[in-house]
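The values are calculated or read from the model by the stated rules, or taken from the named source; none is laboratory data. Owing to the predicted nature of the structure, the values given are computational and were not obtained by experimental measurement. No Cβ is skipped: glycine too gets one built from the backbone with ideal geometry, and neighbour counts run over all protein chains shown. With ligands, DNA and RNA removed, areas are computed over all heavy atoms of the protein, side chains included. Shrake-Rupley method; radii C 1.70, N 1.55, O 1.52, S 1.80 Å.
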Amino acid sequence: MSDLPKKAKIVVIGAGIVGNGLVYHLAKHGWKDIVLLDKGPLPNPGGSTGHASNFIFPVDHSKEMAMTTLDSMQQYKELGVFTESGGIEVARTEERMEELRRRMASAKAWGIESRLLTPDEVEELVPYIDKSVILGGFYTPSVGVVDSLRAGTLMREYAIEQGALQMFPNTEIEDLVVKKGKIKAVVTNRGKIKAKYVMIAAGVWSPKLAEMAGATIPLTPAVHQMISVGPLALMEQTSSEIEYPIVRDMDTFCYERQNGNDMEVGSYAHRPILMDAKEIPSIEESAMSPTELPFTEDDFEPQLEQALELMPEILGDEKAGIRHAINGLLSLTPDGAPLIGETIEVKNLWSVAAIWIKEAPGFARAAVEWFTHGASEIDIHASDISRFYGYGRTKHHINARTSEAFNKTYGIVHPREQWASNRNVRVSPFYIREVELGAEFFETAGWERPQWYNSNETLLDEYGDQVNKRPHEWDARWWSPIINAEHLAMRERVAMVDLTAFAFFDVEGPGVVDYIEKMAVNKMDVAVGRGVYTPILNPHGGFKSDLTILRLAKEKYRVVTGGGDGARDKKWFMDNLPKDDSVTFTDKTSALCTIGLWGPHARDVLQSITADDVSNEAFPYSTVKNLIINGIPATAFRISYVGELGWEITTDMEYGLKLWDTLWAAGQQYRLVPVGIGVYGTTGRLEKGYRLMGHELEGEYSPVEAGLDRRLVKRADFIGKEAYLKAREEEPAAILCTLTVDDHTSASGVKRYMNGGEPIVTPDGERIVDSHGRPSYVTTAGAGPSVGKLLLLAYLPPQYAKEGTKLAVEYMTELYPVTVAVAGSRPLFDPENERMKK
């Protein structure tokens, strides 16, 4: 065994499929002087890679997960370790059949061949299924299995051949050395390695390793039970490891796959069994491997009965028995997404963790692209480890959310579905009033935000047919027609919206103008008292964020961003602070609260409670002023995300309740209504065509394509400027459009309403893909009560992005006609913006 080097450029910890994928792609990107460490032996060091079932179903409702999985499948095929078997998700209930129809839309959106099967057709492919148990199936021919250990070996060999890698198995990590906030060295039982960068790709052990450096990787090890039943006479007649399609019995949260002469049965239906990373047994203490724990039979017994019900002929064979059974460990995170990126606590210490075999090479490639170039080809912002606020990194939150999520692995999860666990973590000072008004709370970044107010139910009668109801339960789930009524009332009267979930960052100092210009696309050296909405770009010219920046003083700006993006944006802004300490950064999020006041009577309400002049002449659009409102010091920003006259009014938390009560009392003569985020974030936004980060805006699209480019480009340099200038010189490959649904009537006669994520297709159902290979799909769907239409936002290639073009949206396997109403950023409602600028 060779001696451990004294130093390395990059140390990767973990030689499972993720760590092997990292060294492979690092070598492909030209990196040298890489060291790979693992405490176990090779090729199977004892992590989840060694015992996982290793099958891949590519269809996912998440674009990010689907694209990284497709990329992974292609990489596995190139390595020669992928065996295509096909896969079927079977349904025992009509509710599940409806979910399979929804999956058909996602398959179409991401370009994955799939089709629905009758029970007879399922039986033709899997003759040992009892077809009487099921209603149908969802078949994906490209499903397959991978030899992940062989893949890892080939990946390591490639990196070694490039002269990039040294690897050291059987090497225990004892400590991570951090100095002045940067990773400096890895201490092992065989010596110390100085390192410029360290990547933790240790799966279930990742939190334990991060803790050595004073960092957090918010995941928990969790048990996933698997058994292997055999030998099976039918399987003994086959000539390879797998010849029959893999079956996922979705309603029982189980899967069954051939493994040579055996049938492997795995379950996500048992009780959540979480573990602390520090409690995972050592290699020496383990009967099999550290991640293959003793089987708890009682937990699995109900699922075995259900598997016997589905496949009685083979699983009930008296000659067969359970030949292998484990409680296998895997990684779970609070929101189910991977944890990728530099840790927020320690510079140059990266997490590439909580990644399953099916998407591992794709995420490894994306992580290396991000690490090397500052952005990845596939936008993986939903997996950015910096997305979690402090509360989200606590063991309490991790365990609560993962316990709730485990049984949803094969569950039917609505796109608007809310978490039940660990709620009421962050509440605004208005919360007590909102409860009194019957608010229906949705959660964002730990904040409880009213989505609508049940006290507004009386508005349904007032607006009658203008408030479209949704007759199908799925379309109406986690939604209320009250949202549409609130919207219409806001357009006629005046409304209050709780915006406390905003994240606020104050940046100030002698270097602040140069700094803020570098961060933002739009010109920031504006007059004091001006606010500017701006894209924030990555080095490739794609979206990193979009937000508003207020100039509060000559050397002070305030960054205002959405709560869901705040933690990521905080890291980005802090990472780019000047090294000379000429700018200070202060997170004011927990110190401030905000109320949006909008509607035709917003000025009447505000003027009645302040001595300051809030006329259009004294307080024009996009300006910021300090006001005294009923004795309360506040900052008012005249802006609108809903297309109405009004302000975002911000004050210190301790004044919040009085601010709410003051506005509420002043608004009564104008029939003021409390309005939820259903209006602010969807109906009002869609009518104005405003874009949302993570929906319309992501790293794969440019401001030109999103319709957010301005006539002129500022002289000052900014991150992504070179790519932005290039995008401006080229014809856009796609244009963001607003579409209207022309007819909601389904084949059954029930009117259906899209929820987002559905493919936009030609009138005869053909996929639409732009010249960059990006599909057209619904980025946001929602009502436009003031225009009387359901509105969809979607990117379309230029030949389709023309007003009046007739297309279709595929929803639950049916086509619904749509029309391109707007190509570009012109609002559908009040296109000249007269209402909010008067």
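Listing for the model above:
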| item | result |
| --- | --- |
| Within straight-line cross-link reach of LYS184, aspartates and glutamates at Cα separation under 17 Å, skipping those fewer than 8 residues along the same chain | ASP33, GLU174, ASP175, GLU211, GLU342, GLU345 |
| Flagged links, alpha-carbon separation over 23 Å, of LYS180/LYS579; LYS7/LYS180; LYS726/LYS806 | LYS726/LYS806 |
| Average accessible surface area per residue within the chain, 1.4 Å rolling probe, Å² | 37 |
| Net +/- balance of residues flanking LEU828 in space, Cβ distance below 11 Å, scoring K and R +1, D and E -1 | 0 |
| For MET199, distant residues with modelled amide H under 5 Å away | VAL11, VAL12, ILE13, TRP350 |
| Region 305-463: Lys pairs at Cα distance under 27 angstrom, eight or more positions apart or on different chains | 4 |
| Partners for LYS63 among aspartates and glutamates (Cα-Cα distance below 14 Å; same-chain residues under 8 apart left out) | ASP71, GLU359, GLU377, ASP379, GLU696, GLU698, GLU700, GLU758 |
| Local electrostatic count at PRO43 - Lys and Arg +1, Asp and Glu -1, tallied over other residues with Cβ under 12 Å | -1 |
| Region 620-704: trypsin sites (Lys or Arg not before Pro) in DSSP loop, at most 15 other beta carbons within 10 Å | ARG671 |
| Identified option (computed Rg and Dmax of the Cα atoms in Å; candidates [x] 27.8, 89; [y] 29.7, 101; [z] 32.1, 118) | [x] |
| Share antiparallel - DSSP beta bridges, the chain, percent rounded to 5 | 85 |
| Most positive-pole-ward Cα, GLY19, VAL526, ALA105, against dipole of the chain from beta carbon charges | VAL526 |
| Mean Cα-pair separation over length for region 320-474, i.e. relative contact order, pairs under 8 Å, 6 or more apart, % | 17 |
| Residue-by-residue Karplus 3J(HN,Hα) for region 614-630, coefficients 6.51, -1.76, 1.60, Hz, glycine and proline x | 10, 5, 4, 5, 7, 9, x, 4, 6, 10, 10, 9, 7, 10, 10, 10, 6 |
| Inter-centroid distance (Cα atoms) of region 320-362 relative to region 618-656, Å | 44 |
| Residue-wise HN-Hα coupling along region 116-130, computed from phi with Karplus coefficients 6.51, -1.76, 1.60 (Hz; x: Gly, Pro) | 7, 10, 7, x, 5, 5, 4, 4, 4, 7, 10, x, 8, 8, 7 |
| Contact order relative to length of region 543-654, as percent, for alpha carbon pairs under 8 angstrom and 6 or more apart | 22 |
| 26 Å Cα-Cα reach of LYS625 towards lysines, excluding residues that sit fewer than 8 places from it in its own chain | LYS518, LYS523, LYS554, LYS556, LYS570, LYS588, LYS658, LYS688, LYS714, LYS837, LYS838 |
| Magnitude of the charge dipole, the chain, Cβ model with Lys/Arg +1 and Asp/Glu -1, debye to 20 | 3560 |
| For LYS789, residues with placed amide H under 5 Å, excluding near neighbours | GLY784 |
| Where labels lie 7 Å past Cα in the beta-carbon direction, separation of VAL787 and GLN799 in nm | 2.6 |
| Percent carbon-and-sulfur accessible area, region 619-669, ignoring ligands, DNA and RNA, probe 1.4 Å | 54 |
| Selection of GluC sites (Glu not before Pro), region 294-387, meeting DSSP coil and at most 14 other Cβ within 10 Å | GLU318, GLU345 |
| Average Cα contact separation per residue, region 240-310, under 8 Å, 6 or more apart, as relative contact order % | 23 |
| Cleavage-rule hits, trypsin sites (Lys or Arg not before Pro), region 153-216, DSSP coil, Cβ neighbours within 10 Å at most 10 | LYS180 |
| Summed side-chain charge close to VAL187 - residues other than VAL187 whose Cβ falls under 12 Å, Lys, Arg +1, Asp, Glu -1 | +1 |
| Under 5 Å, built H, 5+ apart or other chain: amide partners of LYS544 | ILE536, LEU537, ASN538 |
